[in-house]
Amino acid sequence: MTRKNVTVLIIILIIFGFALWTMLPLKAAEEGEKQVVKLGRTGLQFGLDLIGGMHLVYEADFPEGASGEEQALAMDRALTTIERRIDKYGVTEPIIQKLGEDRILVQLPGFTDPVAAKSLVEQTGFLDFREVELNEAGQPVYLSDYLERAGEQFIDISETGDRTFVKDYVSPEDEEYGAFITYLVQTEEGIRFMDVEGNYIDKESLEPYLQALSWIPARGDDGTHLTGNFLADAAPAVRQEVTGASPQVSFEWNHEGGIIFDEIAKRLYNPMEGYAPQHALGIFLDNSLLSAPQVRAREFHGSGVITGNYTVAEVEEMANLLKSGALPMPLKKPPLYDDYVSATLGAEFIEMSWMAGLIGIVLVMLFMIAYYRLSGFLASLALVFYGALVLAIFKLIPVTLTLAGLGGFILSIGMAVDANVLIFERMKEELRAGRTLGAAIEAGFNRAWSAIRDSNITTIIVCIILYWMGSVLVAGAPVKGFAATLGIGVVISMFTAIVVTRTLLRLFVGSPLARRTMLFSVDRRKK
């Protein structure tokens, strides 16, 4: 056996060992965790039909006067945003589709926690930047100023946007820091205080928050409100401080956003030490104040950070929301329907599917050993390698196994043997012609390669088409699952047949067993 074959065999064993390592016992999910079946060493991820999950139905809250075309466009954007956001949490193959004209169906495989599921879908992820409203004397405006006024207009009449009031602008270490209190909006009856759902609020209930600042939209020189729509990217980061590492979110603007941000910075720039509300730039996410830093530079060159008392998990979630984008319209709460849906097929069906796959593998292995003898035994070892590697890849990509996905995997098991059959039949012909085992192996693989390549490439092309069709169909998750598992299986089967089986056969070249060609072929007679 050559040094090259020894090297290839070592690589194969390392890959096989890694695949087996991923198949270690599953880790049970902690109670209270988001019940998404994670990957790696925590188990395979199954679809809604096999393990159940959360079923949510939301109604969109369109702005008044929105046309039918605008509503349809907003619904399409909302579906895309929700799907992109959920994909970042590792929930592959969710069912997200439109029901009627104003309802959205969301089914999340593996979720058992309704609070976590609703939080994931409902968060709009709308980032906007605000500054403190100033009166005629250039002093900050507080909630008390509006509660004491009997007028029917804003203090700063040049700004027609709503005012937002949040809790405690001077104590960011407070757990309730930045929590939403109320909106102040202009209506036909005058200015009114409203909650986040659009209901009017009595002034008496706002008495405890007299010192809450009035935040108005931060605008560029041309009046454009700076929002998360101008973001180009957002990512979690860590800032090193004397007291230790502090998680934060770094973000970058697109070209237009960078210009607007610098225009605002020049206006709010504070060259003095200390905190002055009129020089603060409020960073708001979904109506809550994340941070209100002083603007200490006139230009930021298209980037910035959001800092605060955040954990690593919180900054990762915040970056995900910002990067996935804001929903084009809010969703009415609570959802019209939310409940845990049990598996339509159940755990017993999963066991039956695995049993069917195991029986199929065993039968194929027995046939290969009986018909091709030692060659068949080596092909069976390659099939074990194939099964372990495919399951490992299913975990690492990840691939959600629905009923259709399991069907594609089981089908790929049979196809994994096709290449070996072609190779062994070619080998039999060479052995009948009187060639040595080494020559028969090389000739068999070389002559069978063109047929193996063409048949597998056509199957891969079909899988690509099926996957694309599944991505555009309303309920195409099963189609995508079947295409993904079958395509992965075909690619791995080519590797195991051409590399693994060939390497194992080469182990016997030059050995005493090589002269006993009866071990490699039932019929050695020449035709």
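Note on region 136-153: residues that are assigned to a loop (DSSP other than H, G, I, E, B) and under 24 Å from LEU285 (Cβ atoms) amount to 1. Taking PRO94 as the residue in question, decide whether it is touching a Leu at 6+ places or on another chain (Cβ under 7 Å) and modelled with pLDDT of 80 or more. It is false that PRO94 is touching a Leu at 6+ places or on another chain (Cβ under 7 Å) and modelled with pLDDT of 80 or more. Among the residues making up region 440-452, those that are surrounded by fewer than 19 Cβ atoms within 10 Å (Cβ to Cβ) and without any contact (Cβ under 8 Å) to a residue 24 or more places away in the chain are GLU442, ALA443, ASN446, ARG447, SER450. Considering region 479-517, and only residues there that are among the aromatic types (Phe, Trp, Tyr) and surrounded by 20 or more Cβ atoms within 10 Å (Cβ to Cβ), the residue that is nearest to MET368 (Cα to Cα) turns out to be PHE508. Residue count for region 99-146 under the criterion of being within 16 Å of the chain's Cα centre (by Cα), small (Gly, Ala, Ser) and more than 30 Å from PRO208 (Cα to Cα): the result is 3. Condition check for SER144 on (1) open to solvent by 20 Å² or more (accessible area, probe 1.4 Å); (2) modelled with pLDDT of 85 or more: one failure, at (1). Scanning region 216-232 for residues that are assigned to a strand (DSSP E or B) and more than 21 Å from ASN287 (Cβ to Cβ) yields a single hit, ALA232.
When you go through ALA116, ALA74 one by one, which is the residue that is modelled with pLDDT under 80, open to solvent by less than 50 Å² (accessible area, probe 1.4 Å), part of a helix (DSSP H, G or I) and touching a strand residue (DSSP E or B) at 6+ places or on another chain (Cβ under 9 Å)?
When all the criteria are applied, what remains is ALA116.
Of all residues in region 395-418, exactly one satisfies the criterion of being in contact with a strand residue (DSSP E or B) (Cβ under 7 Å, 6 or more places away or on another chain) and within 18 Å of MET355 (Cα to Cα), namely LEU401.
Conditions (1) modelled with pLDDT of 85 or more; (2) under 38 Å from the mean Cα position of the chain (by Cα), marked per residue:
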{"site": "LYS395", "(1), (2)": "no, yes"}
{"site": "ILE410", "(1), (2)": "no, yes"}
{"site": "ALA440", "(1), (2)": "yes, no"}
{"site": "GLY444", "(1), (2)": "yes, no"}
{"site": "VAL462", "(1), (2)": "yes, yes"}
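Of ILE201, ILE191, all but one fail to be open to solvent by 10 Å² or more (accessible area, probe 1.4 Å) and within 25 Å of GLN139 (Cα to Cα); the exception is ILE191. Residue selection: TYR340 satisfies the criterion of being in contact (Cβ under 8 Å) with a residue 40 or more places away in the chain, assigned to a strand (DSSP E or B) and open to solvent by 30 Å² or more (accessible area, probe 1.4 Å). Considering (1) farther than 30 Å from LEU99 by Cα; (2) touching a Pro at 6+ places or on another chain (Cβ under 6 Å), the lone condition that ILE361 does not fulfil carries the number (2).
For every residue, the table says whether it meets (1) aromatic (Phe, Trp, Tyr); (2) touching a residue at least 12 places away in the same chain (Cβ under 8 Å); (3) open to solvent by 20 Å² or more (accessible area, probe 1.4 Å); (4) over 19 Å from TYR386 (Cβ atoms).
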| site | (1), (2), (3), (4) |
| --- | --- |
| PHE424 | yes, yes, no, no |
| LYS428 | no, yes, no, yes |
| LEU431 | no, yes, no, yes |
| TYR467 | yes, yes, yes, yes |
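Of all residues in region 352-394, those being open to solvent by less than 70 Å² (accessible area, probe 1.4 Å) and basic (Lys, Arg) number 0.
The values are calculated or read from the model by the stated rules, or taken from the named source; none is laboratory data. Keep in mind the model is a prediction, meaning the values are calculated, not measured. Please note: Cβ atoms are built from the backbone with ideal geometry, for glycine as well, and neighbour counts cover all protein chains shown. SASA here: full protein model, heavy atoms, side chains in, ligands and nucleic acids out. Shrake-Rupley method; radii C 1.70, N 1.55, O 1.52, S 1.80 Å.
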